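Since the structure comes first, as structure tokens, the remarks are kept for the end.
Read the figures in this text as sums done on the coordinates, not as results from a lab. Just so it is clear, the model here is predicted, and its values are computed rather than measured. We place every Cβ from the backbone using ideal geometry, glycine too, and count neighbours over all the protein chains shown.
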Amino acid sequence: MRTILLFFIVINSVSAQVNNTQETENRPFTLLRQLDSATIREGVRIKTEQIFGEKNVEPSFKIKNKKKRKELVEALEGQFQVNAGADEIKSFKRAKDLSDYIFRAQQGIAMFSKTNFQGKVERFATDRRECKEDGDCLNFIGSLIVPKGWVVTLYNQPKFKGEQLVINASKEEVRINSFIKIAFEGAVSTTNKSVNWREETRSLRIASGKQ
């Protein structure tokens, strides 16, 4: 009887370990931080006070100084794993604008610098007319997650021109675990399979695909 009981304990233990491993592998997006708006506002407040040398910063606080505003955005990008383009940075007039953008970006697409959703990660909520080396997009895309409800189009030329790579996640979340070898099928299509999208993405559109 003890032998049979021990057998079932071992089997259940192994089964649980396998299931936990598979669960982790199948849910890379859950490893990313999903913060609430209050936590983000607090993070923005603290960093704004540090960089602008102010106290008791409110959401309505004006971030006019261009140099300090850029420094603030860059600091918060690293803290919250988001990416703000040059056009967005110009539009951040108050602390609230920055908090709202960071919150939206958490719900957007996630780019990783390495395959299998590893390395540096940046999340996007808006288009990029031009992917530059100064931070407007990752220099190299290793893998990508597009949450359900979005359609993302990558272009190999600036200003949404040239060949296209379309990831249609209107019906369900789409994950590309490697940009070294992309499987062009189902929700992932392209106008030119020979383009090296890992290194040659020069602009991107993010559109709502909700039905």
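Nearest 20 debye, what's the magnitude of the dipole of segment 127-208 about its Cα centre given +1 on Lys and Arg Cβ and -1 on Asp and Glu Cβ?
With Lys and Arg at +1 and Asp and Glu at -1, about 160 debye.
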Discussion item. Sort 161-168, 78-85 by packing, meaning the average of other beta carbons within 10 Å per residue, with the highest value first.
Written reply: 78-85, 161-168
Worksheet entry | Mean separation of Cα contacts under 8 Å (6+ apart) over length of segment 127-208, as relative contact order % | 41 percent
Fill in: segment 146-188 - percent relative contact order, Cα under 8 Å, separation 6 or more
39 percent
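May I ask for the net charge around Val57, where only other residues with Cβ less than 11 Å from the Cβ of Val57 are counted and Lys, Arg are +1 while Asp, Glu are -1?
The answer is +3.
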Worksheet item: Could you give me the ³J(HN,Hα) list for segment 181-189, computed from phi with Karplus coefficients 6.51, -1.76, 1.60 and θ = phi - 60°, whole Hz, x at Gly and Pro?
Response: 9, 8, 8, 7, 7, x, 7, 10, 9
Worksheet item: What shape does segment 101-211 have by the C-alpha gyration tensor, where a ≥ b ≥ c are the square roots of the eigenvalues, rounded means a/c under 1.5, and otherwise prolate means a/b greater than b/c and oblate the rest?
Response: rounded
Worksheet item: Percent relative contact order of segment 33-105, based on C-alpha pairs within less than 8 angstrom and at least six residues apart?
Response: 41 percent
Fill in: DSSP-loop trypsin sites (Lys or Arg not before Pro) across segment 39-99, with at most 11 other Cβ within 10 angstrom
Lys55, Lys64
Worksheet entry | Length added when fully stretched, Lys181-Asn139, from 0.36 nm per residue minus Cα-Cα | 13.4 nm
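Would you mind counting up the charge near Ile145? Only other residues with Cβ under 10 Å from its Cβ, with Lys and Arg at +1 and Asp and Glu at -1. All intermediate terms of the calculation are to be shown ahead of the outcome.
On the way: positive: Arg123, Arg175; negative: Glu173.
It works out to a net charge of +1.
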Item to complete: Report the net charge of residues surrounding Ala187, where surrounding means a beta-carbon distance below 12 angstrom and charges are Lys +1, Arg +1, Asp -1, Glu -1.
Response: 0
